[in-house]
């Protein structure tokens with residue numbers, strides 16, 4: 001029998017006790033995320049895959065894997081549950097997908113904060129914080145499957161961002177432990193702003209092992225849908241509810257017609273052609289919320305108490321953020337989406353202007369949140385009736401020319417997704433410090449392309 005020659009075969013022989021996945025169909029599936037939301041990324045990434053997937057369970061197993069990969073120059077792509085949308089977890093250069101979901105222990109919960117291993121699912125983490133009267137500050141709509149490390153590496157914000165801003169706002173992530181990608185891996189604790197130099201970089205400049213995050217007080221959340229016949233009234237209600245300082249809330253989303261028509265599972269509560277505002281407010285604040293709804297001509301079509309939500313295990317949170325896009329794509333596979341953010345204080349005017357310019361082609365879905373400076377504004381995850389890549393680029397240009405920031409979800413290059421912004425020097429320095437051989441997710445940063453073979 002001939003000796004194995006490939007680096008992957010050598011890894012399998014050297015580390016036989018690790019949980020390896022080599023079946024081609026499973027490797028192909030674990031090499032993909034929800035990049036198919038974008039017809040552009042789907043075309044570019046659909047055939048890209050790893051050579052193998054590995055699920056370590058301990059820090060020692062992660063260390064052994066990293067060391068062995070470095071010695072053989074095998075690329076490593078870090079993966080949580082693959083709920084991202086930009087091809088973050090799709091390897092461009094083959095190699096190993098490092099699936100972190102087996103590394104998932106809770107370390108501790110204290111007043112105001114919790115610490116856990118990166119592979120813990122967010123729903124499981126919150127299940128363990130709630131008995132202490134605390135919940136996560138920022139919860140993506142994919143919380144049942146999304147991991148803590150995946151949210152940090154590839155996420156932006158979510159349910160709760162209306163109070164605490166995006167995940168990158170100071171105080172939401174307090175610290176982390178990360179491992180260097182070297183033959184002799186080092187483990188380093190990073191705190192505060194330094195830790196955030198690994199945030200939203202898709203696992204390109206550090207392997208995060210643990211995260212320490214801020215917590216918020218638990219409230220019993222009332223989940224409602226309020227429907228409207230008029231775009232301006234619905235948007236005004238969403239804005240007023242988001243701004244109301246005395247109404248405790250966790251989520252406010254605005255769906256312009258015809259977005260509600262694409263939420264098939266809620267069809268009984270969303271009259272055809274309506275505009276709708278989805279919200280989670282504290283049960284104690286139901287009365288003032290209803291007063292605001294009546295003032296703006298809205299009708300409550302759906303109401304569930306916290307106990308009812310818990311009993312049914314169904315929540316409106318799974319119709320917000322990019323879950324809205326997922327539900328819509330199940331109804332109309334020709335749709336895609338954009339990600340945009342508006343200027344605080346001008347957001348209602350900008351949303352209204354974009355609806356007048358592009359309504360019918362770009363379908364407005366808005367999430368109210370606080371920005372990094374704490375100012376109330378909106379991010380939008382608009383649905384787009386896709387016709388061509390050229391028209392998609394034109395729609396992006398139309399937004400940017402009118403002061404609406406677009407974080408382009410149709411590129412797998414980190415910098416291009418951030419409105420074309422170059423990486424700050426401290427991010428580049430972090431990349432060189434923690435990934436000196438350029439093995440982490442190569443091809444996703446402009447200055448670290450896939451090596452020629």
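The values are calculated or read from the model by the stated rules, or taken from the named source; none is laboratory data. Nothing here was measured: the structure is a model prediction, and the numbers come from that model. Cβ: placed from backbone, ideal geometry, glycine included. Neighbour counts: every protein chain shown.
In table form, for the structure just shown:
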item: Filter result for the condition that a residue is part of a helix (DSSP H, G or I), over 16 Å from residue 303 (Cβ atoms), in contact with a strand residue (DSSP E or B) (Cβ under 7 Å, 6 or more places away or on another chain) and not assigned by TED's automatic domain parsing to the domain that holds residue 148, over 241, 235; result: 235
item: Test: residue in the stretch 120-129 that is over 17 Å from residue 218 (Cβ atoms) and touching a residue at least 12 places away in the same chain (Cβ under 8 Å); result: yes
item: Hey, residue 157 in a helix (DSSP H, G or I) and in contact with a strand residue (DSSP E or B) (Cβ under 8 Å, 6 or more places away or on another chain) or not; result: no
item: Which listed residue is out of contact with any strand residue (DSSP E or B) (no Cβ under 9 Å at 6 or more places or on another chain) and either under 23 Å from residue 229 (Cβ atoms) or free of Cβ contacts under 8 Å to residues at least 60 places away in the same chain (or both), from 291, 318; result: 291
item: Some residue of the stretch 10-33 being under 21 Å from the mean Cα position of the chain (by Cα) and at positive phi; result: no
item: Single residue of the stretch 187-203 satisfying the filter (part of a helix (DSSP H, G or I) and out of contact with any helix residue (DSSP H, G or I) (no Cβ under 7 Å at 6 or more places or on another chain)) that is nearest to residue 168 (Cα to Cα); result: 196
item: Some residue of the stretch 392-406 being surrounded by fewer than 16 Cβ atoms within 10 Å (Cβ to Cβ), touching a residue at least 60 places away in the same chain (Cβ under 8 Å) and part of a loop (DSSP other than H, G, I, E, B); result: yes
item: The stretch 361-383: number of residues that are within 19 Å of residue 37 (Cα to Cα) and surrounded by fewer than 17 Cβ atoms within 10 Å (Cβ to Cβ); result: 1
item: Residue match in the stretch 82-89 (condition: modelled with pLDDT of 95 or more, over 19 Å from residue 54 (Cβ atoms) and under 11 Å from the mean Cα position of the chain (by Cα)); result: no
